[in-house]
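No value in this document is a laboratory result; all are computed from the given coordinates. Note that the structure is a prediction, hence the values are computed from the model and not measured. Glycine also receives a Cβ, built like all others from the backbone with ideal geometry; neighbour counts cover every protein chain displayed.
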Ligand SMILES: Nc1nc2c(ncn2[C@@H]2O[C@H](COP(=O)(O)OP(=O)(O)OP(=O)(O)O)[C@@H](O)[C@H]2O)c(=O)[nH]1
Ligand SMILES: [Mg+2]
């Protein structure tokens, strides 16, 4: 899929407050009516709203500019100006908002469910009716509205999942996501089939576990080789990682070391996350011996065999994943 946008810069501005009105009552038989200028309406706010089914920032990236409406000016007969409409910006869960210039973190919408008001609109000015006192019964002035504010924001997406899949291209990550969850990522017998992160929900006994499949990682990924690096940030907020190692691949005994080294170089705590190793493709010839070799090679790791084809090891996966994130 093209158009997976996980970073963009947008401009937002809240609405100006409407001006207060200077007006005097005009009625038949009333020679000099009192002040009746109404208040200006308030400017609209900039509001971020997390939308669960949004997956990328592409809508923001296309629109770029978000302006709330300004408040209408007040009118005679003490009529308030209408408030400006808010600009509501829909973002996917896991969206991070930064100042575009300084890159300082402004807000992390990771667990936000309700709306977050970022910029209030400018307040409307008071009309002259509000300034009448016993000493000054006919004030000829009213307040201006307060101007709204404009900001440039860098919007970033770091998806939220419980467990991230890490592995070389072709290790079977997408196949596993497909077999365990409602997600149907593309699967193919060539490397870098997956070009964007995919999320799926696995129903375990007492909870739903969100799994994230990302593009395969190759040696040098942390230096920019392949596609992996750009996507490592998407597993930086997972609770744990599942390393998939293709038992039928001749480099399988070294795969874990290479992957871990890339994660260490990348940093952000990835190499220190809780993890399990899944020897994949347990349906291939000699799988049992290959798995035994892998276990021997990694005595300090939890290593299990699985197959997305034969569903080998699947009964235990719910328990393994549940324990991993609890
Ligand atoms: N024999 C066997 N083959 C598998 C199994 N799981 C996946 N494959 C095959 O391995 C190949 C790669 O599978 P994918 O699921 O696309 O692998 P991936 O890790 O997502 O690959 P990238 O997206 O390129 O990183 C495909 O040809 C799959 O059919 C399995 O359990 N057994
Ligand atoms: Mg894949």
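Worth pointing out:
- A single entry from 237, 297, 275 fulfils the requirement of being over 23 Å from residue 198 (Cα atoms) and away from ligand 1 (no atom under 16 Å from the Cβ): 297.
- Of note, residue 178 does not satisfy the criterion of being over 20 Å from residue 321 (Cα atoms), buried (at least 16 other Cβ atoms within 10 Å of the Cβ) and within 12 Å of ligand 2 (Cβ to nearest atom).
- When residue 205 is tested against (1) more than 16 Å from ligand 2 (Cβ to nearest atom); (2) within 18 Å of residue 233 (Cβ to Cβ); (3) in contact with a helix residue (DSSP H, G or I) (Cβ under 7 Å, 6 or more places away or on another chain), exactly one condition is not met: (2).
- Of the helices (runs of 4 or more DSSP H) lying entirely inside region 221-326, those containing at least 2 residues that are touching a residue at least 60 places away in the same chain (Cβ under 8 Å) span 252-266, 314-325.
- Tally of residues being crowded, with 21+ Cβ neighbours inside 10 Å, touching a strand residue (DSSP E or B) at 6+ places or on another chain (Cβ under 7 Å) and under 21 Å from residue 73 (Cβ atoms) across region 120-154: 3
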